[in-house]
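I have placed the structure first, in the form of structure tokens, so that the comments after it can refer back to it.
Just so you know, all these numbers are worked out from the coordinates, no wet-lab data involved. Keep in mind it's a predicted model, so treat the numbers as computed, not measured. Neighbour counts are summed over all protein chains in view; Cβ atoms, including those assigned to glycine, are modelled from backbone coordinates with ideal geometry.
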Amino acid sequence: MKLEGEGKLLRIFIGEGDRWQGEPLFQAIVRKVRESGGAGATVLRGIEGFGAHSRIHTARILRLSEDLPIVVEIVDTAEKIDALLPTLDAMIEDGLVTIETVQILRYRPGR
């Protein structure tokens, strides 16, 4: 699959402890993106943050949290991102979802 030109970046901010149907939510999201034929997804684990409840989650040793911030990033065509949104809306109870227009310079599978 070759992907270039204008696309969308979907960012999902959730907690490491968030779950969907018994599995970590971030893993369920990545699986859904893959099943839908998406170009890819990346999960980033934060070392500190807070959200709507204003509770600090941190990886600092004195206040070690079991619910660190997670960001799932998905870049694809606008059509693929738009098609994913209803599924993601049903999966995400707490969190933040953002969409940005991006310019995709290169996305090509290796040899």
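Between helix 25-35 and the chain there is an angle of about 10 degrees, using the helix long axis and the longest principal axis of the Cα atoms. Scanning the chain for chymotrypsin sites (Phe, Trp or Tyr not before Pro) that sit in a DSSP loop and have at most 15 other Cβ atoms within 10 Å, the longest stretch containing none of them is 51-106.
Estimated from helices alone, the mean residue ellipticity of the chain at 222 nm is -7000 deg cm²/dmol (sum of -39500 (n - 2.57) over DSSP H runs with n ≥ 4, per residue).
Dipole of the chain computed with +1 at Lys/Arg Cβ and -1 at Asp/Glu Cβ about the Cα centre; of ILE81, LEU96, VAL30, farthest Cα towards the positive end is VAL30. Between ARG19 and ALA52, the contour length at 0.36 nm per residue exceeds the Cα-Cα span by 10.1 nm. Full-extension gain between GLU100 and LEU9, please, as 0.36 nm times their residue separation minus the C-alpha to C-alpha distance. Here the segment from GLU100 to LEU9 would lengthen by 32.2 nm.
Computed 3J(HN,Hα) for the range 69-83, one whole-Hz value per residue from the Karplus formula 6.51 cos²θ - 1.76 cosθ + 1.60 where θ = phi - 60°, is x, 10, 10, 9, 10, 10, 10, 6, 5, 4, 5, 5, 5, 4, 5, glycine and proline marked x.
What you get for the range 5-104, charging only the Cβ of Lys and Arg (+1) and of Asp and Glu (-1), is a dipole of about 280 debye around the Cα centre. Close amide H pairs (under 5 Å, H built 1.01 Å from N) link GLU16 with LEU68, ILE70, residues at least 5 positions away or on another chain.
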